[in-house]
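Note sheet for the following structure.
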Amino acid sequence: MSVPTPAAAMAIRDSLEEEVLIALVRAAWLAAERSNAVTAAAGLSPSQYNVLRILRAAGREGLSCTEIGTRMVTRDSDLTRLMSGLARAGLVVRGTDSNDRRRSINRITAAGRARLSRLDRDVPEAAKQSLGSLGRPRLTALRDLLLAFAPPQPSELT
């Protein structure tokens, strides 16, 4: 027995592309719900969690807001405000670039690394709970399809 698509279940006749788009958006929302609940329990929004992961990977050099923005999973409309909140919480520190005084550099603090460390097990576990039932071959195929649809841009790879 096949499972009807959401559109078919509502007696809506969409094109295949519309059906796929709706299914993709719905699946992304459902998958994000579990991991978002985990980050919220640690006092972080998904965007704050994303920024902290990006800065941890950047190491001691840190990154400017522009560089962080290019690496974000989702675009935040006010990254400066987001960074200010993380700085007030003591999770990041902002400084001036010694080579270009007009440029600010953001670095993760020990408190920010500690907050991420608490999530390093829980977020992957939430992803496994959401997607693990697909099995490795299907997950690999899904990843490959999604990368074909939205390949990373060169700025996202550095």
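The values are calculated or read from the model by the stated rules, or taken from the named source; none is laboratory data. Note that the coordinates shown come from a computational prediction; the quantities given were computed from them, not determined experimentally. In this analysis, Cβ positions are derived from the backbone assuming ideal geometry, glycine residues included, and neighbour counts consider all displayed protein chains. To get the accessible areas, we keep the full protein, side chains included, count just its heavy atoms, and leave off ligands, DNA and RNA. Shrake-Rupley method; radii C 1.70, N 1.55, O 1.52, S 1.80 Å.
Things worth noting here:
- In region 114-140, the residues that are surrounded by fewer than 16 Cβ atoms within 10 Å (Cβ to Cβ), touching a residue at least 60 places away in the same chain (Cβ under 8 Å) and farther than 14 Å from R34 by Cβ: R118
- Pairs are defined by a Cβ separation below 7 Å, a sequence spacing of at least 6 or placement on different chains, a first member in region 55-78 that is within 21 Å of P151 (Cα to Cα), and a second member that is hydrophobic (A, V, I, L, M, F, W, C) and in a helix (DSSP H, G or I); the pairs so defined are I68/V51; I68/I54; I68/L79; G69/L79; R71/I54; D76/L82.
- For region 71-104, residues that are open to solvent by less than 40 Å² (accessible area, probe 1.4 Å) and polar (S, T, N, Q) total 1.
- Any chance I12 is modelled with pLDDT of 90 or more and either crowded, with 16+ Cβ neighbours inside 10 Å or more than 24 Å from Q153 (Cβ to Cβ) (or both): no
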